[in-house]
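Data first, discussion second: the structure below is written as structure tokens.
The values are calculated or read from the model by the stated rules, or taken from the named source; none is laboratory data. Remember, predicted model here, so these are calculated numbers, not experimental data. When we count neighbours, we look across all protein chains shown, and the Cβ atoms used for this are built from the backbone with ideal geometry, even at glycine. With ligands, DNA and RNA removed, areas are computed over all heavy atoms of the protein, side chains included. Shrake-Rupley method; radii C 1.70, N 1.55, O 1.52, S 1.80 Å.
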Amino acid sequence: MEPKPRDRIRSRPVQRLPLTTALATAMGLLLTVAPAQAATRTVHDTAGDAPARLDITRYTVTNTSTRIVAVIRVQDLRKTGVFQQRYFDSTFDSLLSYGVQVRRDRKGHLHVAAFRDDENGDNNITCPGVRGHWLMRRNLVTTSMPVSCATGVAFDPLHVNAVSFDPGDLGVADSTRSFAVQRD
């Protein structure tokens, strides 16, 4: 039995974009997204090579013209510890480097400091806008430092690494390899 005219489903013609418009839109989106992706790099670190609360398993750095943002994933982040990131030129032991240190004490207080490492060793610097977060439930330590706080270091590419310390020990508990992150 054939459907009655009023029972038929009416369909509207599909409107299609001209091929050139679709290609231009796709290229525009690609060019908009590409620089942000190029400015972020992640390295993985061996799990189980340090106490779980200080065991860095992944380190992600975003290098923009205004900020350096770092995310450290820890195997099992706990209440206390020290995490530090260094930002330097092409070699780790170059004369000048900068970084951010995040320390959480036994009382749960978070201490975030930017520092400069030069011929006089590590020294805290005044850096308005430096931030850090200790996210135990997510096993993450995050930092953000304005580029303006680190003068004299080439940021394109920026070389980085991360380390962790036990507050009671003097030695490094875990560290990532050094790697370069292009600027957006």
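From 87, 59, grab the single residue that is among the aromatic types (Phe, Trp, Tyr) and modelled with pLDDT under 95.
Only one candidate qualifies: 87.
Kindly establish whether residue 181 is at pLDDT below 95 and open to solvent by 10 Å² or more (accessible area, probe 1.4 Å).
Details: at pLDDT below 95: yes; open to solvent by 10 Å² or more (accessible area, probe 1.4 Å): no.
Answer is no for this residue.
Out of the residues in the range 155-165 meeting the condition of being farther than 13 Å from residue 84 by Cα and assigned to a strand (DSSP E or B), tell me which one is least open to solvent (accessible area, probe 1.4 Å).
158
From 152, 168, grab the single residue that is open to solvent by 10 Å² or more (accessible area, probe 1.4 Å) and either within 28 Å of residue 55 (Cβ to Cβ) or in contact with a Pro (Cβ under 8 Å, 6 or more places away or on another chain) (or both).
168
Could you grab me the full set of residues in the range 124-149 that are modelled with pLDDT under 95 and loosely packed, with under 11 Cβ neighbours inside 10 Å?
Correct list: empty.
So residue 106 passes all but one of these: (1) open to solvent by less than 60 Å² (accessible area, probe 1.4 Å); (2) at pLDDT 90 or above. Which condition number does it fail?
All conditions pass for residue 106, except number (1).
List the residue pairs whose Cβ atoms are under 9 Å apart, where the first residue sits in the range 70-88 and is among the acidic types (Asp, Glu), the second is assigned to a loop (DSSP other than H, G, I, E, B) and open to solvent by 50 Å² or more (accessible area, probe 1.4 Å), and the two are 6 or more positions apart or on different chains.
76/51
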